[in-house]
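Colleague: Handing you a structure now.
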Amino acid sequence: MHHRPARTARKAAALAAALAAALLTGCASGPGARSIGYQVPDQPEGASGYTEKPGWATQRFAVAAANPLATDAGYQVLKAGGSALDAAIAVQMVLGLVEPQSSGVGGGAFLLHAAGDKVDAWDGRETAPAAANENLFIGADGKPLPFHDAVVGGRSVGVPGAVRMLEQAHKEHGKLPWATLFEPAITLAEQGFKVSARLNALLQNEKYLAQDPAARAYFFDADGKPWPVGHTLKNPEFAAVLRAIASKGSKALLEGEVAQAIVAKVRGHATNPGPLSLADLAGYQPKKRQALCSDYAVATQQYRICGFPPPSSGAVAVGQILGILKNTDAAALPLQDVAGQPGVQLPSAEWLYLYNEAARLAFADRAQYLADPDFVAPPAGSWMSLLDSDYLASRAKLIGKDSMKTAQPGRPGAVATAFAPMPDQPEYGTSHISVVDERGNAVAMTTTIEDQFGSRQMVKGFLLNNELTDFSFAPRDASGQPVANRVEPGKRPRSSMAPTLVFNKANGQLLMSGGSPGGALIIHYVAKTLYGVFNWGLTPQQAINLPNFGNLNGPTLLEEKRFPPATVQALRERGAEVRELNMTSGLQAITRGEAHGKPLWLGGADPRREGVVMGD
């Protein structure tokens with residue numbers, strides 16, 4: 001089916017169209033700039049919670065994002081001849097407006113770009129300020145701060161990297177002028193967008209945001225209540241920032257008036273100031289890294305799965321889980337019918353047991369080894385040592401009849417490490433974008449300000465990240481041995497973001513773009529979707545719809561009310577501590593398919609969020 005924006009209402013709105021045209025003319029500056037003729041779509045008010053999604057099929061191109069307005073912006077860019085990278089930029093700028101709790105110009109991102117089978121990994125991860133040190137999150141009592149004591153304020157704010165990274169990637173992969181890609185977000189910021197059910201629900205439960213005067217004035221009414229669903233929210237301050245970035249590039253964010261406002265906000269916080277400086281902002285440099293690609297076989301099919309290398313732990317952990325499972329009986333375990341629920345098939349208790357034990361092993365290695373590669377050397381000289389087939393086979397042998405409860409890190413190759421394992425601590429936030437253009441180029445980008453509403457500090461209409469809380473609060477263990485992911489000046493914090501591109505190994509053909517938000521559980525959401533598509537033969541929507549599950553090297557986590565009691569009991573009988581909870585993924589995926597002998601792109605969006613897929 002084709003999914004196109006509704007046009008009727010906006011065609012009738014002549015006055016709004018005239019205003020939009022004037023705005024677009026002002027935005028598209030610089031030589032060769034031109035308008036995409038952006039038109040504001042009818043604005044949805046879809047519920048948060050769980051809403052069934054049909055799945056989508058398109059022929060030429062597709063874009064999947066977490067909010068319909070953002071997806072539509074990417075769709076209109078692709079319709080105007082833009083590249084996958086162009087569409088991702090337009091999507092990101094709209095997400096920063098309509099989904100401000102998750103990502104934006106005040107945060108960072110990891111972007112995978114494929115042109116044919118050539119994959120670039122663009123690192124726009126935030127960095128620690130030059131004046132930061134490993135005791136940044138140690139309180140006056142000598143102990144690590146409580147999580148939100150660290151988050152709320154200036155202390156947690158890292159140097160935002162998403163905009164400068166996108167700017168550099170655009171120079172290589174953009175088709176439309178940079179300024180053109182800001183038209184949708186500027187228009188929506190000026191004209192207003194309707195508060196969605198999800199944004200309203202998150203504001204209802206938010207404890208810290210209203211402490212910031214700028215955020216309180218924007219997100220809440222005069223009585224301090226969140227704006228209701230459907231309320232038209234305008235953000236002229238953010239529109240002005242977007243106009244400046246559109247015309248002057250990332251310097252408009254990281255230097256000058258906006259940068260001064262960011263630094264003043266961070267350093268001037270009354271109770272929790274941070275060390276961010278103007279020099280930190282002006283000096284930020286994205287990195288173009290080598291994607292981390294590993295082979296994955298299902299029966300006779302050979303796949304190449306490419307993900308993001310450290311400082312993200314996503315690709316390593318997903319690859320380890322899949323690789324360990326390959327050395328167990330998991331491949332022989334299909335989805336099982338659920339008694340009394342015709343047509344419903346779920347992972348079996350035996351498969352879930354094997355998955356969770358594999359996950360324990362992967363997360364033990366993650367805590368021990370993974371951090372910014374500019375500060376921490378990989379074990380045995382290569383991150384691929386953690387994905388070596390012999391090493392994963394040896395790790396799989398540790399899975400027994402009863403749960404190991406807590407796994408220990410392995411020793412890949414001739415490894416000697418001077419680091420202590422990182423203690424467990426919370427991770428949150430993020431949004432994911434997947435795009436495939438008509439030229440066959442693809443993007444998988446996961447983007448974040450970390451916790452819900454970031455550091456709760458609003459500057460000129462956008463929120464600042466709290467990305468530094470992805471570092472280990474405790475820099476050393478009891479014996480003084482350092483943690484690999486401790487705070488250091490200029491360092492990028494370890495991430496779980498797992499943007500993923502999958503290829504047919506034999507001919508290099510792109511088969512999938514996907515990813516998810518969800519903190520450390522991103523790794524499990526992505527692994528579930530990959531396994532569902534490539535091992536169980538599901539469409540991306542069917543794979544995304546499967547109940548969530550995972551293990552962070554502790555209790556077995558199951559999405560509440562989604563698994564039969566017999567499955568939960570079977571896991572407990574094998575020694576696993578099982579916790580059922582709300583596991584809100586935000587998966588987006590596009591896969592290659594066919595119908596009647598013709599190629600198609602199949603799209604899936606998470607029913608747990610507001611996202612949709614669009615294309616022609």
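The values are calculated or read from the model by the stated rules, or taken from the named source; none is laboratory data. All values reported here derive from a predicted model rather than from experimental measurement. Glycine also receives a Cβ, built like all others from the backbone with ideal geometry; neighbour counts cover every protein chain displayed.
Colleague: For the stretch 444-468, which positions are assigned to a loop (DSSP other than H, G, I, E, B), polar (S, T, N, Q) and buried (at least 24 other Cβ atoms within 10 Å of the Cβ)?
Modeller: Residues satisfying the conditions are Ser455, Gln457, Asn465, Asn466.
Colleague: Here's something else I'd like to know. Would you check which residues across the stretch 241-269 are aliphatic (A, V, I, L, M) and surrounded by fewer than 17 Cβ atoms within 10 Å (Cβ to Cβ) and list them?
Modeller: Of everything in the stretch 241-269, those that are aliphatic (A, V, I, L, M) and surrounded by fewer than 17 Cβ atoms within 10 Å (Cβ to Cβ) turn out to be Ala261, Ala264.
Colleague: Here are the criteria: (1) free of Cβ contacts under 8 Å to residues at least 60 places away in the same chain; (2) touching a helix residue (DSSP H, G or I) at 6+ places or on another chain (Cβ under 6 Å). Tell me which single one Thr567 does not satisfy.
Modeller: It is condition (1) that Thr567 fails.
Colleague: Kindly indicate which of Arg366, Arg360 is part of a helix (DSSP H, G or I), closer than 27 Å to Asp123 by Cβ, of a type in the set (D, E, K, R) and at pLDDT 95 or above.
Modeller: Arg366
Colleague: In the set Ser516, Ser479, which member is hydroxyl-bearing (Ser, Thr, Tyr) and surrounded by fewer than 24 Cβ atoms within 10 Å (Cβ to Cβ)?
Modeller: Criteria check complete, one pass: Ser479.
Colleague: Related question: Just give me the residues in the stretch 205-229 being surrounded by 14 or more Cβ atoms within 10 Å (Cβ to Cβ) and in a loop (DSSP other than H, G, I, E, B), in sequence order.
Modeller: Glu206, Tyr208, Asp212, Trp227, Val229
Colleague: Out of all the residues in the stretch 176-192, is one or more closer than 25 Å to Tyr208 by Cβ, surrounded by 19 or more Cβ atoms within 10 Å (Cβ to Cβ) and in contact (Cβ under 8 Å) with a residue 24 or more places away in the chain?
Modeller: The answer is yes; a qualifying residue exists.
Colleague: Separate question: Out of all the residues in the stretch 388-399, which are within 29 Å of the chain's Cα centre (by Cα) and either surrounded by fewer than 21 Cβ atoms within 10 Å (Cβ to Cβ) or part of a loop (DSSP other than H, G, I, E, B) (or both)?
Modeller: Within the stretch 388-399, Asp388, Ser389, Ala396 qualify.
Colleague: Still on this structure, I have one more. I'm told His524 meets every condition in (1) surrounded by 22 or more Cβ atoms within 10 Å (Cβ to Cβ); (2) over 20 Å from Met497 (Cα atoms) except one. Can you identify the failing condition by its number?
Modeller: Going through (1) surrounded by 22 or more Cβ atoms within 10 Å (Cβ to Cβ); (2) over 20 Å from Met497 (Cα atoms) one by one, His524 breaks only (2).
Colleague: Also, I was wondering about something else. Here is a check on your reading of the model: is Thr567 under 22 Å from the mean Cα position of the chain (by Cα) and hydroxyl-bearing (Ser, Thr, Tyr)?
Modeller: Working: under 22 Å from the mean Cα position of the chain (by Cα): no; hydroxyl-bearing (Ser, Thr, Tyr): yes.
In short, no.
Colleague: Within the stretch 193-204, take every residue that is of a type in the set (A, V, I, L, M) and out of contact with any Gly (no Cβ under 7 Å at 6 or more places or on another chain) and give me the one that is surrounded by the fewest Cβ atoms within 10 Å (Cβ to Cβ).
Modeller: The residue in question is Ala201.
Colleague: Out of (1) surrounded by 16 or more Cβ atoms within 10 Å (Cβ to Cβ); (2) in contact with a Lys or Arg (Cβ under 7 Å, 6 or more places away or on another chain); (3) not basic (Lys, Arg), the odd one out for Asp402 is which?
Modeller: Of everything listed in (1) surrounded by 16 or more Cβ atoms within 10 Å (Cβ to Cβ); (2) in contact with a Lys or Arg (Cβ under 7 Å, 6 or more places away or on another chain); (3) not basic (Lys, Arg), Asp402 misses just condition (1).
Colleague: While we're looking at this one, here's another question. Provide a single number: the residues in the stretch 332-347 that are over 28 Å from the mean Cα position of the chain (by Cα) and either at negative phi or crowded, with 18+ Cβ neighbours inside 10 Å (or both).
Modeller: Restricting attention to the stretch 332-347, the residues satisfying the condition of being over 28 Å from the mean Cα position of the chain (by Cα) are 332-334, 336-344.
Checking the rest, the ones that are also either at negative phi or crowded, with 18+ Cβ neighbours inside 10 Å (or both) come to 332-334, 336-339, 341-342, 344.
Counting residues in the stretch 332-347 that are over 28 Å from the mean Cα position of the chain (by Cα) and either at negative phi or crowded, with 18+ Cβ neighbours inside 10 Å (or both) gives 10.
Colleague: Scan the stretch 87-97 and tell me whether some residue there is out of contact with any Phe, Trp or Tyr (no Cβ under 6 Å at 6 or more places or on another chain) and either modelled with pLDDT under 95 or surrounded by fewer than 24 Cβ atoms within 10 Å (Cβ to Cβ) (or both).
Modeller: No, the stretch 87-97 contains no residue that is out of contact with any Phe, Trp or Tyr (no Cβ under 6 Å at 6 or more places or on another chain) and either modelled with pLDDT under 95 or surrounded by fewer than 24 Cβ atoms within 10 Å (Cβ to Cβ) (or both).
Colleague: Every residue in the stretch 287-341 that is in a loop (DSSP other than H, G, I, E, B), at pLDDT 95 or above and β-branched (Val, Ile, Thr), please.
Modeller: Taking the stretch 287-341 as the starting set, the residues that turn out to be in a loop (DSSP other than H, G, I, E, B) are 291, 299-300, 308-311, 313, 326-328, 333-335, 339-340.
After this cut, where a residue has to be at pLDDT 95 or above as well, the list is 291, 308-311, 313, 326-328, 333-335.
Residue satisfying the conditions is Thr328 alone.
Rundown of residues vs (1) modelled with pLDDT of 95 or more; (2) farther than 16 Å from Gln92 by Cβ, yes/no style:
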site	(1), (2)
Gln408	yes, yes
Val415	no, yes
Gln425	no, yes
Tyr428	no, yes
His432	yes, no
Val443	yes, no
Gln452	no, yes
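Colleague: Looking only at the stretch 469-476, decide whether some residue is surrounded by fewer than 19 Cβ atoms within 10 Å (Cβ to Cβ), among the basic types (Lys, Arg), modelled with pLDDT of 95 or more and in contact with a Lys or Arg (Cβ under 9 Å, 6 or more places away or on another chain).
Modeller: yes
Colleague: Those residues that are among the aliphatic types (A, V, I, L, M), closer than 11 Å to Ser294 by Cα and either out of contact with any helix residue (DSSP H, G or I) (no Cβ under 7 Å at 6 or more places or on another chain) or at pLDDT below 95 (or both), I need them from the stretch 377-391; list them, please.
Modeller: Once the filter is applied, which keeps residues that are among the aliphatic types (A, V, I, L, M), closer than 11 Å to Ser294 by Cα and either out of contact with any helix residue (DSSP H, G or I) (no Cβ under 7 Å at 6 or more places or on another chain) or at pLDDT below 95 (or both), the stretch 377-391 yields only Met384.
Colleague: For the stretch 62-164, please list each of the strands (runs of 3 or more DSSP E) lying entirely inside it that holds at least 1 residues being free of Cβ contacts under 8 Å to residues at least 40 places away in the same chain and under 20 Å from Val443 (Cβ atoms). Don't jump to the end; show me each part of the working.
Modeller: Values: elements: 62-65, 108-115, 118-124.
The strands (runs of 3 or more DSSP E) meeting that bar are 118-124.
Colleague: Are any residues in the stretch 534-566 closer than 16 Å to Tyr353 by Cβ and touching a Pro at 6+ places or on another chain (Cβ under 9 Å), and if so, which ones?
Modeller: Pro547, Phe549, Leu558, Phe563
Colleague: Consider Trp383 against the criteria (1) of a type in the set (A, V, I, L, M, F, W, C); (2) surrounded by fewer than 20 Cβ atoms within 10 Å (Cβ to Cβ); (3) in contact with a strand residue (DSSP E or B) (Cβ under 7 Å, 6 or more places away or on another chain): it satisfies all of them except one. Which criterion is unmet?
Modeller: (2)
Colleague: Here is a follow-up. Does Ala498 qualify as being within 20 Å of Gly323 (Cβ to Cβ), within 14 Å of the chain's Cα centre (by Cα) and not in a helix (DSSP H, G or I)?
Modeller: So Ala498 passes the test.
Colleague: State whether one or more residues within the stretch 166-180 are within 17 Å of Gln452 (Cβ to Cβ), at pLDDT 95 or above and not in a helix (DSSP H, G or I). Outline the logic, then answer.
Modeller: Within the stretch 166-180, the first condition is being within 17 Å of Gln452 (Cβ to Cβ), and the residues that meet it are none.
Looking through the stretch 166-180, none of the residues is within 17 Å of Gln452 (Cβ to Cβ), at pLDDT 95 or above and not in a helix (DSSP H, G or I).
Colleague: Collect the residues in the stretch 369-383 that are in a helix (DSSP H, G or I) and either touching a Cys at 6+ places or on another chain (Cβ under 9 Å) or small (Gly, Ala, Ser) (or both), keeping them in residue-number order.
Modeller: Ala380, Gly381, listed by residue number.
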